[in-house]
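Written out below as structure tokens is the structure these notes cover.
Quick note: the coordinates plus some simple rules give every number you see, no bench work behind them. This is a predicted model, so every value here is computed, not measured. Every residue, glycine among them, receives a Cβ derived from its backbone with ideal geometry; neighbour counts consider all protein chains shown.
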Protein chains: 2
Amino acid sequence: MVQGVIKGQTRAIAKAISLIERESIRASDLLRELFPHTGKAYLVGITGPPGAGKSTLTNQIVKVWRKQGKKVGVIAVDPTSPFSGGAILGDRIRMNDLNTDPGVFIRSLASRGSLGGLSPAVYDTALILDAAGFEYIIIETVGVGQTEVEIVELADTTVVVTVPEAGDDIQTFKAGIMEIGDLFVVNKGDRPGTAKMKLLIENMLDLVQLEWRPPVLVSIADKGEGIEEIVDQIERHHQYLAISARLAQDRKKALIKKISQRLHNLFQQNIISKIFTSSEFDQVLTQILKRESDPFTEIDRLVQKYCPWLYESNE
Amino acid sequence: MVQGVIKGQTRAIAKAISLIERESIRASDLLRELFPHTGKAYLVGITGPPGAGKSTLTNQIVKVWRKQGKKVGVIAVDPTSPFSGGAILGDRIRMNDLNTDPGVFIRSLASRGSLGGLSPAVYDTALILDAAGFEYIIIETVGVGQTEVEIVELADTTVVVTVPEAGDDIQTFKAGIMEIGDLFVVNKGDRPGTAKMKLLIENMLDLVQLEWRPPVLVSIADKGEGIEEIVDQIERHHQYLAISARLAQDRKKALIKKISQRLHNLFQQNIISKIFTSSEFDQVLTQILKRESDPFTEIDRLVQKYCPWLYESNE
């Protein structure tokens, strides 16, 4: 499978991603072997509210890169119920006209791992596509709070898409999304309010001192208008990151995040399977509920037993 | 301060909560001392989309309980920017007519702790209000994904509030919120579409086999209509939980969650301060980025060093 992925064989890639999604133990071995072949792809995050036309925009951006002869991977992160965990959008209903192009690989993933937060599968899928020689990888998400923040931590360039009518929601917009965009796009730019929306974003950006001033662009994705400009600006941001050495810094941060998240998950899964299901712990719970002990004392005991270094003083 | 809280003195309670919010080390000692005095309060979660009238409804429910002579605490969990962390709604602009009643304590808290997820301060504030003799504690949140799920894990009864017009968003509604309500309220029930919305929720509940069938009620909170029925149904659910022994089970689950979250946070904070900032780890990162090592091998090494029991086989 490793060789198949490196050669960019669609079936091998699809099988590798499925392995990761099932959180199989073999997935770690696979990723370990693929890792030396990664680090070449450029990751672009595309986020924004539902209905902003992100899929259409993604579709169009992919086409521009394809015309330039680049291989493009798309990871569509779908919002999921915290309970069901399944992806709402299927791969089949997306981007039909790109489906037969071997230079494009599209995959939908559920947004949340079992422990909340962005699914580790998104990072791992990006690694696989990277190893498979995809030069650009788009990670497309619906903006719903924490997820889009984690996309930023993963993507090299983050494109925030909105629509003219989103003006009313600008307060919410301001609170979270303003800080994460490297590039803003007002899509559906043939609708009323486009100029106003663009100005609104520009004004908000005026309030922040940034080394990189995010451009605010207008597109009409379903007519293919404004797409080349978006692609040019992504490339300009790429250049900026490379020259300012921020690309390396950001990727280091993403790596720390990845390691931290994986340790976190391991820890969490294991305190459940190894500690919380023991009869000893059940007795402790009963004592706490009877008010014969308290959670704070018992947490101290657990830490002393399982992670004594947590309480050692720094240095 | 412990004595002040137990006596229900407003100033002591406010100071205790502030201590918790600042995540002071003294907060743990305080909670440890207060814990034996807790376990008597009944926790009600109120959640729903922005603009559903949750604050007004909360206000009215508080008034009914006050008429019955009960002391009521309200914890308003405010949506916050993932970056700024501040609470948007202040306490001052809420429920002015209840502000002078010493039998009511209202506090706004930011929804997210520094590590994402529901702030541990919400659980701890509930403990303080419990120790202070508040018989009902309402935790009010804006429904935004993960947060409302965590409220459910904390609250004994969860009330999901919606409005007649929310029908269009019913798919989203269905995905997450349907599973968490013990009680549904269509508020602003004098608007068109009320009966349709009620029917829609009833139909969706028909699809699920539940031991407790959540009642679907209609209210007009700003006119005080339908409130007594909501309070009655909360009480009926309380009785159901008590008789079916589910109250004890649910509280045990909430305790596990609490302990797990706190261990999690300790772990997370400390892998950052003790591992990730070391020069040794920085070298490892550099090696990975040069593709001389890979994250999967390094994660194994970290686990072996810091938490070897994570990799021990079960039993």
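The fewest-to-most ranking of B:His37, A:His237 by surrounding Cβ atoms within 10 Å reads B:His37, A:His237. With R₀ fixed at 56 Å, the C-beta to C-beta distance from A:Thr277 to B:Glu202 puts the FRET efficiency at about 0.90.
Full extension of the chain between B:Ser260 and B:Gln209 yields a length gain of 15.4 nm, computed as 0.36 nm times the residue separation minus the alpha carbon distance.
Ranked by how many other Cβ atoms sit within 10 Å of their own Cβ, fewest first, the residues B:Tyr136, A:Tyr311 fall in the order A:Tyr311, B:Tyr136. For segment A:234-304, trypsin sites (Lys or Arg not before Pro) meeting the loop criterion (DSSP other than H, G, I, E, B) and having at most 14 other Cβ atoms within 10 Å: A:Lys290, A:Arg291.
Quick one: B:Ile243, B:Ile106, A:Ile20, B:Ile272, fewest Cβ neighbours within 10 Å first, how do they rank?
Working: B:Ile243 9, B:Ile106 21, A:Ile20 24, B:Ile272 13.
The order, fewest Cβ neighbours first, is B:Ile243, B:Ile272, B:Ile106, A:Ile20.
Counting Lys and Arg as +1 and Asp and Glu as -1 over every other residue whose Cβ lies under 12 Å from the Cβ of B:Arg22, the net charge comes to -1.
In this assembly of identical copies, the label point of A:Glu202 (Cα plus 7 Å along Cα-to-Cβ) is separated from its counterparts by 5.4 nm, sorted shortest first. A straight Cα-to-Cα reach below 16 Å connects B:Lys188 with the lysines B:Lys54, B:Lys196, B:Lys198, B:Lys223, residues fewer than 8 places away in its own chain not being considered. In this structure, the residue pairs whose Cα-Cα separation is over 18 Å, taken from B:Lys40/B:Lys67; A:Lys71/A:Lys258; A:Lys305/B:Lys305; A:Lys258/B:Lys258, are B:Lys40/B:Lys67; A:Lys71/A:Lys258; A:Lys258/B:Lys258. Close amide H pairs (under 5 Å, H built 1.01 Å from N) link A:Phe105 with A:Val72, A:Gly73, A:Val74, residues at least 5 positions away or on another chain. In this assembly of identical copies, the label point of A:Thr100 (Cα plus 7 Å along Cα-to-Cβ) is separated from its counterparts by 7.7 nm, sorted shortest first. Charging the Cβ of each Asp and Glu at -1 and of each Lys and Arg at +1, and nothing else, the dipole of segment B:258-311 about its Cα centre rounds to 300 debye. Applied to segment B:39-48, the Karplus parametrisation 6.51 cos²θ - 1.76 cosθ + 1.60 on θ = phi - 60° returns per-residue 3J(HN,Hα) values of x, 9, 6, 9, 9, 10, x, 10, 9, x Hz, with x for Gly and Pro.
Answer rounded, prolate or oblate for segment A:26-70, using the Cα gyration tensor with square roots of eigenvalues a ≥ b ≥ c: rounded when a/c is under 1.5, else prolate when a/b is larger than b/c, else oblate. Because a/c hits 1.5 or more and a/b fails to exceed b/c, segment A:26-70 counts as oblate. Amide H contacts under 5 Å for A:Glu23: none, restricted to partners 5 or more places along the chain or on a different chain, H placed in the peptide plane at 1.01 Å from N. Across segment A:259-265, rounded Karplus estimates of 3J(HN,Hα) from the backbone phi angles (6.51 cos²θ - 1.76 cosθ + 1.60, θ = phi - 60°) give 5, 4, 5, 5, 4, 3, 5 Hz, Gly and Pro being marked x.
Couplings 3J(HN,Hα) for segment B:187-203, derived from phi with the Karplus relation 6.51 cos²θ - 1.76 cosθ + 1.60 (θ = phi - 60°), are 8, 6, x, 8, 8, x, x, 4, 4, 5, 5, 4, 4, 4, 5, 4, 4 Hz, where x marks Gly and Pro. Each of A:Arg32 and A:Glu228 was given a label point 7 Å from its Cα along the Cα-to-Cβ line. The distance between the two points is 4.9 nm. One way to sum up the overall shape of segment B:258-311 is the equivalent ellipsoid from its Cα gyration tensor, whose semi-axes run 23, 13, 9 Å, largest first.
Remark: label point of A:Lys15 defined 7 Å out from Cα along the Cα-Cβ vector; separations to the same position in other copies 6.8 nm, ascending.
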